[in-house]
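Visitor: This structure is in structure tokens; I'll ask about it shortly.
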Amino acid sequence: MEKFIVSARKYRPATFGTLIGQDSIATTLKNSIKRGQLAHAYLFCGPRGVGKTTTARIFAKIINCMNPGEDMEPCGQCESCKSFEEGRSYCIHELDAASNNSVDDIRALTEKVMIPPQIGRYSVYIIDEVHMLSTSAFNAFLKTLEEPPQHAIFILATTEKHKIIPTILSRCQVYDFNRISIPDIVKNLRMIAGKEQVQIDDSSLHVIAEKADGAMRDALTLFDQVVAYCGNTVDYASVIKNLNVLDYEYYFKLIDYSLEGRFADSLVLFDEVLSKGFNALYFVGGLGNHLRNLLICKETASANLLEVSPQLEVKYREQSQRCPLKFLFKSLAVTEKCETDYARSNNQRLLVEFMLVRMSQLLEPAARPAAAPAPAPQPEKAPEPVPEPVKPAEPEPQPEPEKPAAEPEKAPEPQPEPEPQPEPEKPAEPEPQPEPETEPEKPAETEKPAEPEKADGFAEQRMSEEKPAEAEPEKPAEPTPAPAFAPGLSISGLMNEKKEEEAVEKKPLDFMGPSTGKPVTQEAVDAAWNRMVAMYEQKNPKLVRFIAMLKEAHPAFEQETGTISFCVSNSSQKTWIEQQTGNQMAAFLRKTLENENVKLSVRIKSREDIVKKMYMPQDKDRYLTETNPEFAQLKKDMGAELK
């Protein structure tokens, strides 16, 4: 059995003419040989599999060739060329810096550099993966690289140029190798397939080229893999199955579903993709590339950027004509955001599904005729039974009797127009007298703190409308909701509001007129106050700051006036209580104390009401000395100080 040689080695370029995708570099090197302008050090850098080491070997071979051609290609017949092809050349040396990266390895190399070549004019040293050298090895190599013997030429190759120290870069001629384009890879693969007698279509070659990502070596490796799977006859279905590539048809279908707003079909299609073992992130990346290709096809100037097979190019052009530009722009934005958020998402599948739903809703229903080509086959079915269903459509005038049915409904409508609504308003006025007891129950039932918070931080609580008689005096307070910041604010309006606030402060609170009831004591007031705080904690737990303020307040009952007064921290709290919860609190206390003569008063804390907290030891010592004579005597006897 003949020994198999992989295509990457069997069809490795041996001349500058067979080098793929690096024409400018090949031309520069050949011209430098013609003019005799050879540098002593070169640095070839670029992605993997683009021909860096291959170019270094061809260059080393041609500069030692005894009979080079006019186009600066090695003859392949001289002793230097033969010894190089047979692997016994003593003029061309290759060193793998990945495994020989120490200072000792570089010292051995510098000693070998001093030996002149046996055959040829130059000793060429090719150091591959030079970025793997240690810093000390780089430093040991600097002097030799800067001033080598006249017969020595160094060619360094690396895939990570940024890891090379600047002192090395400054001593070399740097050549940047580019990725090989898809058309060049397809052309080379087609040539190799012809030599190997393998039948393969252009669609399969394009899939292999895209999978290789610009690396010719990777493309040849994938080609060998596909041939091993399919034999000498390779088809598109076998290629995408063997290389685990998602078929383009999935993306074409998905865009059609999005244009038609069929998000359910998009989700089913995505589930089918996952069931075949594809990663969701891979699917999103492929969708973004598909949208990019559609966007490219929209304009003639950018259509040449599309690198797909001719058959696939036709499909892209057809679908791009049905996709509005705004749809493509928004879809690309949605796809890019999904790809960015994918890594930090806890539910990655839901993230992708939400992206598909958003794409299906980007177009308005009126803008979706773009997907009209799909229903085109329907008119073929229409001519057969169309005339028959048109006749049953005639009984459509039947819904006309529904209109008269709607007319009698409109007739009773004028009857409720004299709405008896004013009547319930009249009984609403006497309600405060027969229902004094039911009023406190309603505030307990009110659980509507849904309105926005005021400036003082209290959540606004919707007052239960238990007493319309009490609601009427609150009407002048309704204009105060101007904090909603109506479109027009004036200085005069703000001054009027300030005057109203001052009037409220000067006018004592009297939430209900005098009446008779059970005698009230301070102990009963404290108990009723605690019950009220517990009620607010149970019914309106969101009013955290309001409840905390009630807990800190210490209500005081004045027997002569029958007023329960308590203090708040600032005028904002005072105004809020007077406008929002004052009536509710007063009603609750009257019911609990069984005395309708009780009134509620709110005032702002004065300096005397604020208890100064003692933080410093001197303050604590002064307080204890003033309030406790025994402590003062003990401190004097012991000669101690409080710290």
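The values are calculated or read from the model by the stated rules, or taken from the named source; none is laboratory data. Just so you know, these numbers come straight off a predicted model, no measurement behind them. Virtual Cβ from ideal backbone geometry, glycine too; neighbours counted across all protein chains shown.
Visitor: Being more than 20 Å from F154 (Cα to Cα) and not charged (D, E, K, R) is the filter; apply it to region 73-98 and report the residue that is modelled with the lowest pLDDT.
Guide: For region 73-98, the residue satisfying everything is G76.
Visitor: While we're here: Of the conditions (1) at pLDDT 90 or above; (2) in contact with a Gly (Cβ under 9 Å, 6 or more places away or on another chain), E129 satisfies every one except a single condition; which number is it?
Guide: (2)
Visitor: Before we move on, is R622 surrounded by 11 or more Cβ atoms within 10 Å (Cβ to Cβ) and modelled with pLDDT of 80 or more?
Guide: No, not satisfied.
Visitor: Condition check: of a type in the set (K, R) and assigned by TED's automatic domain parsing to the domain that holds A60. Does R190 satisfy that?
Guide: no
Visitor: Answer yes if at least one residue in region 1-21 is acidic (D, E), out of contact with any Gly (no Cβ under 9 Å at 6 or more places or on another chain), on the phi < 0 side of the Ramachandran plot and assigned by TED's automatic domain parsing to the domain that holds D128, and no otherwise.
Guide: no
Visitor: Next question, about the same structure. Can you tell which of Y251, Y229, Y257 is within 19 Å of L363 (Cβ to Cβ) and either among the polar types (S, T, N, Q) or out of contact with any His (no Cβ under 8 Å at 6 or more places or on another chain) (or both)? Outline the logic, then answer.
Guide: Numbers: Y251 fails: either among the polar types (S, T, N, Q) or out of contact with any His (no Cβ under 8 Å at 6 or more places or on another chain) (or both); Y229 fails: within 19 Å of L363 (Cβ to Cβ).
Y257 is the lone residue from the list that is within 19 Å of L363 (Cβ to Cβ) and either among the polar types (S, T, N, Q) or out of contact with any His (no Cβ under 8 Å at 6 or more places or on another chain) (or both).
Visitor: Among the residues of region 16-32 satisfying the criterion of being in a loop (DSSP other than H, G, I, E, B) and within 17 Å of I126 (Cβ to Cβ), which is nearest to the chain's Cα centre (by Cα)?
Guide: The extreme case among them is Q22.
Visitor: Checking S204 against (1) in the same structural domain as Y90 (by TED's automatic domain parsing); (2) touching a Phe, Trp or Tyr at 6+ places or on another chain (Cβ under 7 Å); (3) farther than 26 Å from I63 by Cβ, which single condition isn't satisfied?
Guide: For S204, the exception is condition (1).
Visitor: Is there a residue being in the same structural domain as G49 (by TED's automatic domain parsing) and over 23 Å from F59 (Cα atoms) anywhere in region 152-164?
Guide: Looking through region 152-164, at least one residue is in the same structural domain as G49 (by TED's automatic domain parsing) and over 23 Å from F59 (Cα atoms).
Visitor: Another question, then. Considering only region 299-310, I want to know if a residue exists there that is in a helix (DSSP H, G or I), charged (D, E, K, R), touching a residue at least 60 places away in the same chain (Cβ under 8 Å) and surrounded by 15 or more Cβ atoms within 10 Å (Cβ to Cβ).
Guide: no
Visitor: Would you mind telling me which numbered condition in (1) among the hydrophobic types (A, V, I, L, M, F, W, C); (2) touching a Ser or Thr at 6+ places or on another chain (Cβ under 6 Å); (3) over 17 Å from I25 (Cβ atoms) I185 fails?
Guide: (2)
Visitor: Sticking with this structure for a sec: Restricting to region 313-371, name every residue that is over 21 Å from F252 (Cβ atoms) and in contact (Cβ under 8 Å) with a residue 60 or more places away in the chain.
Guide: Y342, Q348, R349, P365
Visitor: Would region 552-564 turn up any residue that is β-branched (V, I, T), touching a strand residue (DSSP E or B) at 6+ places or on another chain (Cβ under 9 Å) and not in a loop (DSSP other than H, G, I, E, B)? Give the derivation first.
Guide: Going residue by residue through region 552-564, those that are β-branched (V, I, T) are 561, 563-564.
Add one more test, that the residue is touching a strand residue (DSSP E or B) at 6+ places or on another chain (Cβ under 9 Å), and what stays is 561, 563-564.
Among the residues that remain, those that are also not in a loop (DSSP other than H, G, I, E, B) are: 563-564.
Yes, region 552-564 contains at least one residue that is β-branched (V, I, T), touching a strand residue (DSSP E or B) at 6+ places or on another chain (Cβ under 9 Å) and not in a loop (DSSP other than H, G, I, E, B).
Visitor: Which numbered condition trips up T575, out of (1) at pLDDT below 85; (2) within 23 Å of K605 (Cβ to Cβ); (3) crowded, with 17+ Cβ neighbours inside 10 Å?
Guide: That leaves (1) as the condition not met.
Rundown of residues vs (1) at pLDDT 85 or above; (2) at positive phi; (3) touching a Ser or Thr at 6+ places or on another chain (Cβ under 9 Å); (4) not hydrophobic (A, V, I, L, M, F, W, C), yes/no style:
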{"residue": "E500", "(1), (2), (3), (4)": "no, no, yes, yes"}
{"residue": "M512", "(1), (2), (3), (4)": "no, no, no, no"}
{"residue": "E523", "(1), (2), (3), (4)": "yes, no, no, yes"}
{"residue": "L550", "(1), (2), (3), (4)": "yes, no, no, no"}
{"residue": "H554", "(1), (2), (3), (4)": "no, no, no, yes"}
{"residue": "F557", "(1), (2), (3), (4)": "yes, no, yes, no"}
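Visitor: Only one of C323, C338 is over 19 Å from the mean Cα position of the chain (by Cα) and crowded, with 19+ Cβ neighbours inside 10 Å. Can you tell me which?
Guide: The match here is C323.
Visitor: Please determine whether any residue of region 77-91 is in contact (Cβ under 8 Å) with a residue 60 or more places away in the chain and touching a Lys or Arg at 6+ places or on another chain (Cβ under 6 Å).
Guide: Looking through region 77-91, none of the residues is in contact (Cβ under 8 Å) with a residue 60 or more places away in the chain and touching a Lys or Arg at 6+ places or on another chain (Cβ under 6 Å).
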